[in-house]
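A quick write-up on the structure given underneath.
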Amino acid sequence: MERLTPERGERTWKLYRLSWYVTLLCFLVVICGALFFMYLLMSGTSDASETATFDSLVMVGLFLAAGLILIGAAITRYQARLEGQHLELKLAINRLNDAIEALRKRDTV
C-alpha cells in the first residue's frame, strides 16, 4: 500500500497556490484588456461604427474570458480542497490500519 506523506501534501499545497496566483494574474490581465476596449468605446476615439463594433465585441469577449478564468480558478480551488481532504482521510486510514496491526500482534504474542 502506498504510504502518503506530509511532504506530498505540502508540495500539492504549494502547486495549488502557485496555480491560483497565476490564474488570478491572467484574470487581471484579461480584465485590463477589457477595460482598455471599454475606454476606447467610452472615450469616443472609435467614431466609425465598424471600429466601435469591433471594440465592443472584443470587450465583451474579454469579459466572458475573465469569467471563464474565474470559474477555472474556483474549480482548481475546489479540487485542491478535495485532494487535501482525501490525503487526510488516507493518512487517518493508514494510522488506523497500523493501530489494528499493532493490536493483532499484541494479541498473538
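The values are calculated or read from the model by the stated rules, or taken from the named source; none is laboratory data. Computed from a predicted structure; not experimentally measured. Virtual Cβ from ideal backbone geometry, glycine too; neighbours counted across all protein chains shown. Remember, those area values only see protein heavy atoms, side chains included, never the ligands or the DNA or RNA. Shrake-Rupley method; radii C 1.70, N 1.55, O 1.52, S 1.80 Å.
Structure values in brief
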| read-out | value |
| --- | --- |
| Relative contact order of the chain, pairs being alpha-carbon contacts under 8 Å that are 6 or more residues apart, as % | 37 |
| Angle in degrees between helix 6-43 and the longest Cα principal axis of the chain, rounded to the nearest 10 | 10 |
| Å² per residue, accessible surface of the chain at 1.4 Å | 78 |
| For the chain, calculated [θ]222 nm from helices alone, where every DSSP H run of n ≥ 4 adds -39500 (n - 2.57) | -33500 deg cm²/dmol |
| Cα centroid of the range 70-109 to Cα centroid of the range 8-61, whole Å | 39 |
| Debye log10 I(q)/I(0) at q = 0.09 Å⁻¹ for the chain, Cα point scatterers | -0.47 |
| Rounded to whole Hz, the Karplus (6.51, -1.76, 1.60) HN-Hα couplings of the range 86-98, x for glycine and proline | 5, 5, 5, 5, 4, 5, 5, 5, 5, 5, 5, 4, 5 |
| Peptides 94-102, 24-32 ordered by average Cβ neighbours within 10 Å, highest first | 24-32, 94-102 |
| Solvent exposure, largest accessible area first (probe 1.4 Å, DNA, RNA and ligands not counted), of LEU64, LEU70 | LEU64, LEU70 |
| Radius, Kirkwood style, for the range 23-84 when every pair of distinct Cα atoms is counted (Å) | 12.8 |
